[in-house]
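Asker: Before anything else, here's the structure in question.
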Amino acid sequence: MKPRFCQLLLLLFSMLLSANEVLAQQVPPKDMPLDSLMTWLQRNSDGVYKRDSAFYQYAHIALNRSIQEKNNQFIRACHYLMAHWHYGAAYRQQDSILYHLKQYVYHASLIDDKRWLAAAYIDYGTILKDLGRYKEGEKQLFNAIDIYEQLKDQAGIAECYRRLCDFARHVSDFQEAIRCGELAVKMHRENSSSMEQQMDPLMCLMTAYNEAGQPAKAIEQANRLLDARKKGLIEDDVYNKIYIYQQRALAYIALQRYEQAIVDHQAQLKLYSALDKKEIKEGPNYENIAMIAYLKKEYAAAIPSFLKYIEYEQSQQNEISIIAARLKLADCYDKTGNPEEAYHQALEAAAIQKKDYENKLAAIRTELRDKYEADQKEETIQQQQSRLQEQQIIQWLSLGVAGLLALLLAGLFLTYRNNRRRSLQLQSLNEALGQTNVQLDQRNVQNEILLKEIHHRVKNNLEIVSSLLALQSAQIKDAEVQDALQAGQNRVQSMGILHQKLYQGENLAAIEMKDYFINLSEGLLDTFNAEDRVKIECAMQELELDVDTAVPIGLIVNELLTNALKYAFPEGQAGTIKLSLESVDAATLQLRIADNGVGKEIGKAAQGTGFGTQLVNLLTRQLEGTMTQEVHNGTIISFQFKKTKAA
């Protein structure tokens, strides 16, 4: 055994030495000719050296030597490689990326062939898009279009519009995406381009049709691409083929043509299984398996695959793509008699959607802040230039005092002329500042509209959840389960009313509680069909609370009003419920709910599931509050909470 073990060690050692020798041969000597060094960089730009610091070091050496030799072609190429190295690095440095890209564009402009400059604009714009700077990226693409129009290059213009289609999709402007995509395809056809050249615009247009809610047109584009592959007009790339089947399946689902969608999902599974095992992605497999079961209405079988797909996407930090999966999972739980988990999944989907809108809003704010800071820097530079001009004038005046009268008069004339120039500059600056303020005001209005839209969509999602619970409740005969679903529906509605008040009100960060309580009371009276026998009085002043305080208080009031309507007035008995919320002092809120019903027996176990009581206790602790109960001509429940300021 020992000799064989030693032989194995020697073999491994010799293999390691061989690997090191090969690697050493791949790294070029630093004094190699510039042409050979550039060839090595180009050959290894997409290989193992792309993320290696050695690659960047050799690119920097090549750049310095290119500058010394005044070789503009190589200078342009080095800046391009260094920009993409920074872009592909684990920690992207935007300043370095943009610096090298600007240098790349500048040196491309020095080349006689304008196609190089157009290609540089396209690369620059595409990376700006990936960095989230969409407006700047669009500007670069339009620069490229101007050049291609001068050159009458239809294929180049079509490629720019294909990328603008992708830009519009990323900012959810789907109609603009369709317009640009259709224009790109039209230009390729007029230019008699091959189907291989038309493939990218067609795939982008197919996706835009799906995202814009035009599934029939998406299917038309997918069929065209698949037909071209069968005829050998397009390279039969497996991953592109999988993507086409995926988009067509989504379109079939939108048209409720589920059997055809199942066929496309099965086709995707077959293509994935044909790949090398190392290349198979478990996430897409689980998604396809889940969708096939879901479309066949095998809901219990679909649940495990949906969960595995969601787990995979979460591991890839891709939460946005699983919103639809969570909603379908909620539907599966609902269809299999698990309303609580269905409610949980629907809430998770709504939370992710809300977070996505908040991230988009944050990006808009960052863009505004960056623009403001850039304007401030520009203004500072102009002020410094103005100060330098003033210093020059002072020097001229000093020389004039020591010189002749003619020079003094000339100095005074120059002073007058420069003062007039500065006045015009200041006037221009003031006009520019005024325009900037108007733009900022417009952006603020847009941000407010976007925030209202977020609350509106959250309210709509909560209404969908409430409707799902109502539909489920209508199909269940068990009274206890119906009560639980009704309670859940009431809780969702109470939160929905809050978000409705937010987007309808003037203050997007606070809620007027009296109006909210009145709306909540009317909804509950309607739910229990008690308008004619029970009266809810809201005896309180108008009071605004922040959202984080209003939501738990709203849920507490919802639970207590629900209990009162269910148990305080048995057998159709009439009565009154009094509700009030007021500020005891600057730091304390007091909530009081009293009814003149039959009264609650202190110490008696809660009726029903007891979940409502647990929820009230949990929310009270969340608000750092206390609760007291007393029974006197009915039931009186009082709370005291710590008060937070409304924004």
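Asker: Ignoring ligands, DNA and RNA, what percent of the accessible area of region 395-436 is carbon or sulfur (1.4 Å)? Walk me through the numbers on the way to the answer.
Answerer: On the way: 2240 of 3390 Å².
On region 395-436, the fraction of accessible area on carbon and sulfur atoms equals 66 percent.
Asker: Please list, ordered by chain and number, the residues whose modelled amide H lies under 5 Å from the amide H of residue 643; skip anything fewer than 5 residues away on the same chain.
Answerer: Excluding prolines and chain starts, which carry no amide H, the hits are 588, 589.
Asker: Would you mind checking 514/566; 114/217; 296/477 for any pair whose Cα atoms are more than 30 angstrom apart? Intermediate values should be presented prior to the final figure.
Answerer: Details: 514/566 23 Å; 114/217 37 Å; 296/477 26 Å.
In this structure, 114/217 lie more than 30 Å apart at Cα.
Asker: Now for a different question. For region 514-564 and region 77-128, what is the separation of their Cα centres, given in Å?
Answerer: Their Cα centres are 60 Å away from one another.
Asker: Shifting gears a bit: Would you mind putting 108-118, 154-164 in packing order, based on average other-beta-carbon counts within 10 Å, highest first? Could you put the intermediate results ahead of the total?
Answerer: Details: 108-118: 16.0, 154-164: 22.4.
The peptides rank, most packed first, as 154-164, 108-118.
Asker: Within the set of other residues whose C-beta is less than 14 Å from the C-beta of residue 108, count the net charge using Lys and Arg as +1 and Asp and Glu as -1.
Answerer: Working: positive: 76, 102, 114, 115; negative: 112, 113, 123.
Local charge sum for residue 108: +1.
Asker: Taking θ = phi - 60°, what integer Hz values does the Karplus form 6.51 cos²θ - 1.76 cosθ + 1.60 yield along region 576-583, in sequence order, with x for Gly and Pro?
Answerer: Coupling constants for region 576-583: 9, 10, 10, 10, 8, 9, 8, 8 Hz.
Asker: Please sort 293-302, 411-420, 245-254 by packing, taking for each peptide the average over its residues of neighbouring beta carbons within 10 angstrom, highest first.
Answerer: Details: 293-302: 17.5, 411-420: 13.1, 245-254: 22.5.
Ranking, from highest mean packing down: 245-254, 293-302, 411-420.
Asker: Give the separation of the Cα centroids, region 570-587 to region 195-237, in Å.
Answerer: 62
Asker: Using modelled amide H (1.01 Å from N, peptide plane; none on Pro or chain starts), what sits under 5 Å from the amide H of residue 534, excluding residues fewer than 5 places away?
Answerer: The list, which skips near neighbours in sequence, is 575.
Asker: A further question on this structure: May I ask you to evaluate 6.51 cos²θ - 1.76 cosθ + 1.60, the Karplus curve with θ = phi - 60°, for each residue of region 299-314 and list the ³J(HN,Hα) values in order in whole Hz, giving x for glycine and proline?
Answerer: My calculation for region 299-314 gives 5, 5, 6, 6, 4, x, 5, 4, 5, 5, 5, 4, 4, 5, 5, 5 Hz in order.
Asker: Could you give each residue of region 192-199 its phi-based ³J(HN,Hα) in whole Hz, using Karplus coefficients 6.51, -1.76, 1.60 with θ = phi - 60°, and x for Gly or Pro?
Answerer: Listing the rounded values in order: 6, 5, 6, 4, 4, 6, 7, 4 Hz.
Asker: Rounded, prolate or oblate, given the Cα gyration tensor of region 516-582, with a/c below 1.5 counting as rounded?
Answerer: Verdict is prolate for region 516-582.
Asker: Apply the a/c threshold of 1.5 to the C-alpha gyration tensor of region 211-267 and tell me whether it is rounded, prolate or oblate. Write out the running numbers ahead of the final one.
Answerer: On the way: a/c = 2.19, a/b = 1.60, b/c = 1.37.
Because a/c hits 1.5 or more and a/b exceeds b/c, region 211-267 counts as prolate.
Asker: Turning to a different aspect of this structure: Go through 421-434, 568-581 and give me the packing order, highest mean Cβ count within 10 Å leading. It would help to have the intermediate numbers written out before the result.
Answerer: Working: 421-434: 11.7, 568-581: 16.1.
With the highest mean Cβ count within 10 Å placed first, the list reads 568-581, 421-434.
The values are calculated or read from the model by the stated rules, or taken from the named source; none is laboratory data. A quick note: this is a predicted structure, and the numbers were derived from the prediction, not measured. Glycine also receives a Cβ, built like all others from the backbone with ideal geometry; neighbour counts cover every protein chain displayed. What goes into the accessible areas is simple: the full protein's heavy atoms, side chains included, and nothing from ligands, DNA or RNA. Shrake-Rupley method; radii C 1.70, N 1.55, O 1.52, S 1.80 Å.
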